[in-house]
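Working notes for the structure below.
FYI, it's all coordinate maths here, none of it is from the lab. A quick note: this is a predicted structure, and the numbers were derived from the prediction, not measured. Methodologically, a virtual Cβ is constructed for each residue, glycine included, from the backbone with ideal geometry; neighbour enumeration extends over all protein chains shown.
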Amino acid sequence: MTLPAPELRFFCDLFVELAPIREMGMGRAGQRRIVPIIGGRVEGPGIRGRILNLGADWQTILADGHADLDTRYAMETEDGALIEIVNKGIRHGPPEVIARIARGETVDPAEYYMRTTARLETGDPKYAWVNRAHFVGSGTRLAAAVQISLYEVL
């Protein structure tokens, strides 16, 4: 039996503002660093709001330049709901492209791979459906921000 292929429905764009990277040094699996999340905005057809000034991306950079992304932060919708975002992913590409990103240059997202999987959680009844949904994202790293387009997996 062949099961139906998942479909995607656009949910929102996350424009996540970042503070400077805090280098932790070499850990068990690679270079560890913390990227504080300090704000931003959320824009989508059924949701608008702001990214709160809390949370971080706890990254591991492997020897080949591959970045394991592990973020936890929150948004507040325009109507006052708080929604937690746990977003895990990977970013990799040619070494020269990753070096340009590290220097803060704007790099075409087609030149590297940045994908995430996200779980959202809230206690607000209006958005309770996100507690039962799974999201995937496509992202790009900017000089002091990240943009992620989230899609609900149907």
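When the Gaussian network model of the chain links Cα atoms closer than 10 Å, the mean-square fluctuations of VAL136, VAL16, VAL107 top out at VAL107. Computed over segment 5-50, the P(r) curve from all C-alpha pair distances, binned at 10 Å from the origin, holds 22, 28, 25, 23, 1 percent per bin. Between ALA144 and ASN53, the simple spin-label model (points 7 angstrom out along Cα→Cβ) gives 1.3 nm.
Would you please give the FRET efficiency between ASN131 and ARG41, computed as 1/(1 + (r/R0)^6) with r the Cβ-Cβ distance and R0 = 25 Å, to the nearest 0.05?
Numbers: r = 22 Å, r/R0 = 0.90.
After rounding to 0.05, the efficiency reads 0.65.
Modelled spin labels at THR2 and MET24, positioned 7 Å past Cα toward Cβ, are 4.4 nm from each other.
Largest mean-square fluctuation among MET24, MET114, MET75, in a Gaussian network model of the chain whose springs join Cα atoms under 10 Å apart, belongs to MET24. Among the trypsin sites (Lys or Arg not before Pro) within segment 1-40, those in coil by DSSP and having at most 10 neighbouring Cβ atoms inside 10 Å are ARG28. Computed on segment 1-122, with alpha-carbon pairs under 8 angstrom and 6+ residues apart, the relative contact order is 17 percent.
Rounded to the nearest 20, the Cβ-based charge dipole of segment 15-151 about its Cα centre (Lys and Arg +1, Asp and Glu -1) stands at 240 debye. When only alpha carbons are used to place a centre, segment 1-53 and segment 57-130 end up 3 Å from one another.
Under a 5 Å amide H cut-off, with hydrogens placed 1.01 Å from N, MET24 pairs with ARG32, ARG33, ILE34 among residues at least 5 apart or on other chains.
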